[in-house]
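A.B. asks: Structure in structure tokens, see below.
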Amino acid sequence: MKIEIIGLTDVGRKRDHNEDCLLINKDLNMAIVCDGMGGHAAGEVASKITTEVINNHIVSNQMIVHEFQQKPNSENSEKLKSLVQEAVVKACGEVWYEGNHDESKKGMGTTLVMMIAAGSHAFVAHVGDSRNYLVRQGEVHQVTEDHSYVNEMVRQGVLTREQASKSPHANIITRCIGQQEFVQVDILQMELLDGDRFLLCSDGLCEYLPDEELAKIMKKEREIPRLPKIFIDYANKKGGKDNITAVVLQVGELGNQAEVDNVVRKVQALKGIPMFKHFDYKEMNKTLEIIKSEDLETGETIITEGTSGEDMFIILDGKVQVEKAGIKMAQLGSGAYFGEMSLIDKVKRSAT
């Protein structure tokens, strides 16, 4: 898949120096955005160390990325996720060490959002409240979930989204790189489709950018190289109270409708099942990671009564006949599902 990446960072209108840092590695289709924090220039140091350490570690082990591109199976997927986690944890340790051995940098840290496009998949990692958005078919999806105090309050039902946006605690993050020796990293794998556009950004942009405005800008501007400057100008016009970084990654040229329809059908099928219907976009992608699609011949048996199994099945196309003790019981069509009890208590199959 053709990948185009372009990024820009700006000091904003209120700060006297830029603690954001971005890195784009076009050879690996990788983008990294960090938003540093700390006294004096310490935040700038933390974000720079993080981008460099992560890039160097991935480059040194890039054969893992290439192996996944050539053979995108679950084993190589886990290897690539582990590589990303190792890189981020290594960066965290180095920032923490620097902050604990230089009094002027004590307490420094940084957020992180990064992405590697490998073949037809993307691997997204993040820590803190920098974000990754996906614009697909005109719809905006926030791929990452903020590690912040107010977001946790929203998850617990204490605050609404509107209350959270106006909270005086909106800038308190619950996870960052460098303030402890180790950090927990959220890593997500997702399918890529022609026409997908991703925006990786620091909170200097996303705090001003509602989804509808993001979709509008992405739809209006077809030229990828212009987009980061457009987003930065937008944030500065809204106040520019923080440093601003925007990286845009585009997949392919025009959307392949067959590919898009296939992914959309999977999501729609999942949302039609009670146990999945309330999943957000991130949770849905986590589920799609472990779903395998198969084409079956007419008359082929999927499961057999009395046998054991741990798979649940969802019908995307076609019809499935259900038999019990050799008697035809029902016929299931697109959107139906079966075998779900095996996910709960691993009982033997009740029908064929």
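A.B. asks: Tell me whether the range 307-314 contains one or more residues that are open to solvent by less than 80 Å² (accessible area, probe 1.4 Å), β-branched (Val, Ile, Thr), over 19 Å from Ile273 (Cβ atoms) and in a loop (DSSP other than H, G, I, E, B). Outline the logic, then answer.
C.D. replies: Initially, the range 307-314 is screened for residues open to solvent by less than 80 Å² (accessible area, probe 1.4 Å), giving 307, 309, 312-314.
With β-branched (Val, Ile, Thr) added as a condition, the list becomes 307, 314.
This time we only want the ones that are over 19 Å from Ile273 (Cβ atoms), so: 307.
Cutting the leftovers down to in a loop (DSSP other than H, G, I, E, B) gives us 307.
For the range 307-314, residues open to solvent by less than 80 Å² (accessible area, probe 1.4 Å), β-branched (Val, Ile, Thr), over 19 Å from Ile273 (Cβ atoms) and in a loop (DSSP other than H, G, I, E, B): present.
A.B. asks: Take the residues of the range 131-179 that are among the acidic types (Asp, Glu) and assigned to a helix (DSSP H, G or I): which is surrounded by the most Cβ atoms within 10 Å (Cβ to Cβ)? Lay out the reasoning, then the answer.
C.D. replies: Of all residues in the range 131-179, those among the acidic types (Asp, Glu) come to 139, 145-146, 152, 162.
Now drop any that are not assigned to a helix (DSSP H, G or I), which leaves 152, 162.
Details: Glu152: 16, Glu162: 9.
Step by step, filter the range 131-179, then rank; the result is Glu152.
A.B. asks: Kindly indicate which of Ile58, Ile116, Ile54 is farther than 21 Å from Phe182 by Cα and touching a Leu at 6+ places or on another chain (Cβ under 9 Å).
C.D. replies: Working: Ile58 fails: farther than 21 Å from Phe182 by Cα; Ile54 fails: farther than 21 Å from Phe182 by Cα.
That would be Ile116, the only listed residue that is farther than 21 Å from Phe182 by Cα and touching a Leu at 6+ places or on another chain (Cβ under 9 Å).
A.B. asks: Of all residues in the range 1-14 being open to solvent by 30 Å² or more (accessible area, probe 1.4 Å) and touching a helix residue (DSSP H, G or I) at 6+ places or on another chain (Cβ under 9 Å), which is farthest from Asp102 (Cα to Cα)?
C.D. replies: Applying the filter and picking the extreme gives Glu4.
A.B. asks: Among the residues of the range 153-168, is any of a type in the set (Asp, Glu) and farther than 29 Å from Asp27 by Cβ? Show your work before the answer.
C.D. replies: Our first condition is that a residue be of a type in the set (Asp, Glu); within the range 153-168, this holds for 162.
Next, from what is left, pick out any that are farther than 29 Å from Asp27 by Cβ: 162.
Among the residues of the range 153-168, at least one is of a type in the set (Asp, Glu) and farther than 29 Å from Asp27 by Cβ, which makes the answer yes.
A.B. asks: Look at Asp194 and say whether it is of a type outside the set (Gly, Ala, Ser) and either closer than 24 Å to Ala117 by Cβ or assigned to a strand (DSSP E or B) (or both). Full working, then the answer.
C.D. replies: Values: of a type outside the set (Gly, Ala, Ser): yes; either closer than 24 Å to Ala117 by Cβ or assigned to a strand (DSSP E or B) (or both): yes.
Taking the combined requirement at face value, the residue satisfies it.
A.B. asks: Looking only at residues in the range 22-56 that are open to solvent by 20 Å² or more (accessible area, probe 1.4 Å), in a strand (DSSP E or B) and touching a residue at least 60 places away in the same chain (Cβ under 8 Å), which one is farthest from Lys229 (Cα to Cα)?
C.D. replies: Of everything passing the filter in the range 22-56, Met37 is farthest from Lys229 (Cα to Cα).
The values are calculated or read from the model by the stated rules, or taken from the named source; none is laboratory data. Remember, it's a predicted structure, so these values are computed and weren't measured experimentally. Glycine gets a Cβ as well: all are built from the backbone with ideal geometry, and neighbour counts include every protein chain shown. Quick note on the areas: whole protein, heavy atoms, side chains included, nothing else; ligands and nucleic acids left out. Shrake-Rupley method; radii C 1.70, N 1.55, O 1.52, S 1.80 Å.
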